[in-house]
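Here is the structure we will look at.
Derivation of every value follows stated rules applied to the coordinates shown; laboratory data play no part. Here the structure is a predicted model, which means the values were calculated and not measured. Methodologically, a virtual Cβ is constructed for each residue, glycine included, from the backbone with ideal geometry; neighbour enumeration extends over all protein chains shown.
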Amino acid sequence: MPELVDIRVAVADGRYTVAVTGELDIVSAGKLEAALLQISGDSASAVRLDLSGLTFMDSTGLRTVLLAKELSDSHAFELSLVPGPPKVQRLFEVTALLRVLPFERDRAGDAAGNGGGNAPLRQHKTVGGQLRRA
């Protein structure tokens with residue numbers, strides 16, 4: 001069975017870049033978790049987690065990204081996240097984690113074109129018993 005996720009780690013002067021491509025899910029998240037645990041033990045000064053190559057992420061993948069945040073807090077390294085494609089970023093949006101996690105912003109100040117981490121949540125209203133965007 002082919003690998004569903006590829007994790008590439010590059011380091012320069014204590015600054016790590018971890019590029020994740022493919023599917024980050026219950027089957028593959030352990031591979032990223034192991035890489036993050038190793039990096040946190042290597043006295044990293046910064047970790048850039050690149051999610052732009054993901055094609056899918058489930059709640060286990062989300063938990064692993066949250067682990068990166070926990071490790072950055074407990075091991076005192078700077079963490080930044082490169083946003084994933086819209087369907088991956090949607091998971092962060094619906095769980096209200098865009099405001100919590102340190103996503104890099106594009107030129108428009110937006111985390112992957114989805115409203116950004118500091119933008120207000122989408123407004124909805126009920127019209128005739130149906131939920132609609134305001």
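Brief remarks follow.
- The gain in end-to-end length when the residue 9 to residue 80 segment is fully stretched comes to 24.1 nm, 0.36 nm per residue minus the alpha carbon separation.
- Amide H partners (placed H, <5 Å) of residue 55, local residues excluded: 22, 23, 24
- 3J(HN,Hα) from dihedral phi, segment 69-82, Karplus parametrisation 6.51/-1.76/1.60, rounded to Hz, x for glycine, proline: 5, 4, 5, 5, 5, 7, 10, 6, 10, 6, 10, 9, 10, 7
- Each residue of segment 54-64 was assigned a 3J(HN,Hα) from its phi angle through the Karplus expression (A = 6.51, B = -1.76, C = 1.60, θ = phi - 60°), giving 6, 9, 7, 8, 10, 5, 5, x, 4, 4, 5 Hz with x at Gly and Pro.
- Take the Cβ atoms of residue 43 and residue 63, set R0 to 22 Å, and the FRET efficiency comes out at 0.35.
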